[in-house]
Amino acid sequence: MTKKRVFSGIQPTGNVHLGNYLGAFKNWVARQDQKENYFCIVDLHSLTVPQTPAQLRQETLSLAGILLASGLDPDKCTLFIQSHVTAHAEGCWLLNCITPLGWLQRMTQFKDKAARQESVLTGLLDYPVLMAGDIIFYDAHEVPVGDDQKQHVELARDIAQRFNAQYEVDFFVIPEPVIPEAGARVMGLDNPLVKMSKSLAVVRGHAVRILDEPDEIMRSFKRAVTDSGREIRFSDDPEKAGVNNLLGIYQAITGQSRDVVEAAFADARGYGDLKVRVAEVTIEALAPIRKRYEELMADPAELGRLLAKGAEQATAVAQPKVDQMKHMMGLVLPQ
Ligand code: TYM
């Protein structure tokens, strides 16, 4: 049986956090044996908001270290930096020329981000087209992401379908988002009504970062906002969003069912106890990643070699696909 092809990506803009881990790359690692995997550090996407160049370079390599330290195995997946595979930017232009502007103006992430900025860059509007190309140039069937990326994957499906319809071919595979049952939307510890995010991770107590020290992780959880009650159970009630978030994190880390998680806390002595126990499982999950990260970053030449190999493997898939597209769209390929 041929393995299903998986593509996913993550931006290298610092402060990689527990939401990224539980919503995305923990699941990439868990299923890498069953799939044919392409994982991408999407540095071109990071340029859609202003960056400090030296910091972006450093964070790109650091993210590669975090992903490998978390268990991505270069023998089982192709890990690469998006800008190393020029087919992404080139193919994005081709997709721009079949994507209606209205589709992009409707994207909720664009509207949110644009509303918070004085000057909105064209790249921010075009972001989902670049992302669609990432996925469809690899003929990926599955896209494992957190809940916030669902709309973008749906747009990738629409773009793929539009191309197939316009050129009357079955050229692109129509991808499916794969969203985990637990951990798909980890909320801020300081405010459980907003999503845990990289941009807010600088705010004290908002996020647990993957490379945080154990006592920092414990402190962040102890400070987590809950409610004035005592009941420890999953709930959709916004009042109980803090407790719900802590239980969701525990569930995603331990892989237990909701019932088992609730039963595990039946004997808890209040929210203080809940917070400490969630912190403990998080510390236990992240400690080996931090240790392995230090080892990997001590050998930058090996990291560079792995990323170069990843880029070569990715180019071998994406460039012929983009070349074929160019031909189908009426461009003359060089002899
Ligand atoms: P990014 O870098 O914002 O996030 C990387 C992954 O982490 C997930 N995530 C979360 N999951 C649960 N709770 C949270 N609080 C949380 N915050 C983030 C995201 O859903 C994502 O899966 N546009 C993408 C990157 C991208 C991509 C792609 C993804 C570019 N090309 C192609 C898939 C396929 C992004 O900015 O993710």
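The values are calculated or read from the model by the stated rules, or taken from the named source; none is laboratory data. Not measured: the values here are computed from a predicted model. A quick note on method: Cβ atoms are made from the backbone with ideal geometry, for glycine too, and the neighbour counts reach across all protein chains shown. Ligands, DNA and RNA are stripped out before the accessible areas are found, and what is left, the full protein with its side chains, is counted by its heavy atoms. Shrake-Rupley method; radii C 1.70, N 1.55, O 1.52, S 1.80 Å.
Descriptive notes on the structure:
- Angle in degrees between helix 270-297 and the longest Cα principal axis of the chain, rounded to the nearest 10: 40 degrees
- Solvent-accessible surface ranking, highest first, for W103, W28 at 1.4 angstrom: W103, W28
- Residue ranges 243-250, 33-40, 115-122 sort as 243-250, 33-40, 115-122 when ordered by packing (mean number of other C-beta atoms within 10 Å per residue, highest first).
- For K4, a cut-off of 17 angstrom between C-alpha atoms picks up these lysines, skipping any fewer than 8 places away in its own chain: K35, K76.
- Inter-centroid distance (Cα atoms) of the stretch 91-156 relative to the stretch 292-310, Å: 30 Å
- Angle in degrees between helix 300-328 and the longest Cα principal axis of the chain, rounded to the nearest 10: 50 degrees
- Solvent exposure of the stretch 214-294 as accessible area per residue, Å², 1.4 Å probe: 52 Å²
- Note on the stretch 58-165: with neighbouring protein chains present and a 1.4 Å probe, carbon and sulfur make up 51 percent of its accessible heavy-atom surface.
- Lysines with Cα under 20 Å of K198, excluding same-chain neighbours fewer than 8 positions away: K26, K111, K113, K150
- Ordering C97, C77 by accessible surface, largest first, gives C97, C77; the 1.4 Å probe counts only protein heavy atoms, with every chain in place.
- Nearest-ten-degree value, helix 87-96 long axis tilted from longest Cα axis of the chain: 80 degrees
- Each Lys and Arg Cβ is given +1 and each Asp and Glu Cβ -1; about its Cα centre, the chain then shows a dipole of about 300 debye.
- Cα→Cβ-extended label distance, 7 Å offset, between V225 and E280, nm: 2.8 nm
- Per-residue ellipticity at 222 nm from helix content only, as computed over the chain with -39500 (n - 2.57) for each DSSP H run of at least four residues, stands at -16000 deg cm²/dmol.
- Each Lys and Arg adds +1 at its Cβ and each Asp and Glu adds -1 at its Cβ; summed about the Cα centre, the stretch 214-294 shows a dipole of about 300 debye.
- Computed from point charges on the beta carbon alone (+1 for Lys and Arg, -1 for Asp and Glu), the dipole magnitude for the stretch 1-157 about its Cα centre is near 260 Debye.
- With θ taken as phi - 60° and the Karplus curve 6.51 cos²θ - 1.76 cosθ + 1.60 applied, the whole-hertz 3J(HN,Hα) list for the stretch 77-85 is 8, 9, 10, 8, 9, 3, 5, 6, 10 Hz, x standing for glycine and proline.
- Between V322, V203, V85, the Gaussian network model of the chain with springs among Cα atoms under 10 angstrom shows the greatest mean-square fluctuation at V203.
- Translational diffusion of the stretch 214-294, µm² s⁻¹ [Kirkwood Rh, Cα pairs; Stokes-Einstein; 10 °C; 1.306 mPa s]: 121 µm²/s
- Spacing of the modelled spin labels on R204 and Q166, each 7 Å from Cα toward Cβ, amounts to 5.2 nm.
- Using a probe of 1.4 angstrom and keeping all protein chains present, the accessible surface of the stretch 1-101 works out to 39 square angstrom per residue.
- Taken along the Cα-to-beta-carbon direction at a fixed 7 Å, the label points for E294 and A114 span 4.6 nm.
- Here the chain carries DSSP beta bridges of which approximately 10% are antiparallel, counting only pairs with both residues inside.
- More than 30 angstrom apart: percent of Cα pairs within the chain: 38 percent
- Each of T282, I253, A268 was scored by the projection of its Cα onto the charge dipole of the stretch 214-294, and the greatest displacement toward the positive side belongs to T282; charges sit on the C-beta of Lys, Arg, Asp and Glu.
- Counting protein heavy atoms only, the stretch 214-294 has 47 percent of its accessible area on carbon and sulfur, 1.4 angstrom probe.
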